[in-house]
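The structure appears right after this line, and notes come after that.
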Amino acid sequence: TPCGVAVSGSASEAYQRAFAADPESAFGGVIAFNCAVDEDAAGAVSGQFAEVVIAPEFSPGALEVLKKRGNLRIVEQGTASSGPDGDLPGLKVLDGAVLAQTFDSSAAERHEVVSRRAPTDEELRDAGFAWTVARFVSSNAVVYARDGQTLGIGGGQTSRVMSARIAAWRAADCGFSLKGAAMASDGFLPFADGLEAAADEGISVVIQPGGSIRDKEVIAAADEQGVAMLFTGVRHFRH
């Protein structure tokens, strides 16, 4: 489960925004980039205690900076190759057995607007970003995000409402307002009260799989609150 995720025009700024999303939990963690790490990004990273830095590529200047941290593990990992069907299987090892399933690659591009109000382009981008992050958070997962930055992540709880509370608490603890933010839930919202609580926090768009027997009640609550809602039709449910 990530503690902070962000995108930006430079690796350095993306790292700093991700770190700001939860600096306490980032202590002693793993820092992962999906782009080349240059000297500026390496300088920003070197100010944090971390165990591992992983990226597709490191510039010579970045390696020089990072290698000054004696116990830091530097891993260069390119894009993984795909299997015959375009997806690598996910594996879980049990006592005497191995379970294999298709890797979760569901994207927010495949969604249905179910609320009266359609999301703005900005809300749609925020919802897609939050949904992508939720894919990597242990279920039950709730992610709040805005402007390409996670504001609060709650995961690994036995109840969805507790994950939502943790995510909201994380955001408040780091000084973030949730006004105008997106909420992603890796499973359907079973009751309208979860949507209402999110709206009270200022959430303006929610993305979730849908599929609850109370979907109509949840959608009605979204309409009453003026919240845009998207159904993906696919659960993440990372265990």
- prompt: Residue check, residue 225 against (1) within 11 Å of the chain's Cα centre (by Cα); (2) surrounded by fewer than 24 Cβ atoms within 10 Å (Cβ to Cβ); (3) among the polar types (S, T, N, Q), all met but one. Which one?
  reply: (1)
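Quick grid of which residues meet (1) assigned by TED's automatic domain parsing to the domain that holds residue 121; (2) under 18 Å from residue 123 (Cα atoms); (3) without any contact (Cβ under 8 Å) to a residue 12 or more places away in the chain; (4) part of a helix (DSSP H, G or I):
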{"position": "175", "(1), (2), (3), (4)": "yes, no, yes, no"}
{"position": "180", "(1), (2), (3), (4)": "yes, yes, no, no"}
{"position": "183", "(1), (2), (3), (4)": "yes, yes, no, no"}
{"position": "198", "(1), (2), (3), (4)": "yes, yes, no, yes"}
{"position": "210", "(1), (2), (3), (4)": "yes, no, no, no"}
- prompt: Could you list, in sequence order, the residues of the stretch 135-150 that are outside any loop (DSSP other than H, G, I, E, B) and of a type outside the set (Gly, Ala, Ser)?
  reply: 142, 143, 144, 146, 149, 150
message: Take the residues in the stretch 7-38 that are small (Gly, Ala, Ser) and in contact with a Lys or Arg (Cβ under 9 Å, 6 or more places away or on another chain); name whichever of them is surrounded by the most Cβ atoms within 10 Å (Cβ to Cβ).
response: 21
message: Among the numbered criteria (1) outside any loop (DSSP other than H, G, I, E, B); (2) buried (at least 16 other Cβ atoms within 10 Å of the Cβ); (3) hydrophobic (A, V, I, L, M, F, W, C), which one does residue 234 miss?
response: (1)
- line: Here the residues within the stretch 121-148 that are under 18 Å from residue 177 (Cβ atoms) and either buried (at least 21 other Cβ atoms within 10 Å of the Cβ) or hydroxyl-bearing (Ser, Thr, Tyr) (or both) are 123, 126, 127, 129, 130, 142, 143, 144, 145, 146
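Show me the helices (runs of 4 or more DSSP H) found entirely inside the stretch 23-76 where at least 1 residues are in contact with a Leu (Cβ under 7 Å, 6 or more places away or on another chain).
Values: elements: 23-26, 39-45, 60-66.
Filter on the stretch 23-76 gives 39-45, 60-66.
The values are calculated or read from the model by the stated rules, or taken from the named source; none is laboratory data. All values reported here derive from a predicted model rather than from experimental measurement. Quick reminder, even Gly has a Cβ in these numbers, built from the backbone with ideal geometry, and neighbours come from all protein chains shown.
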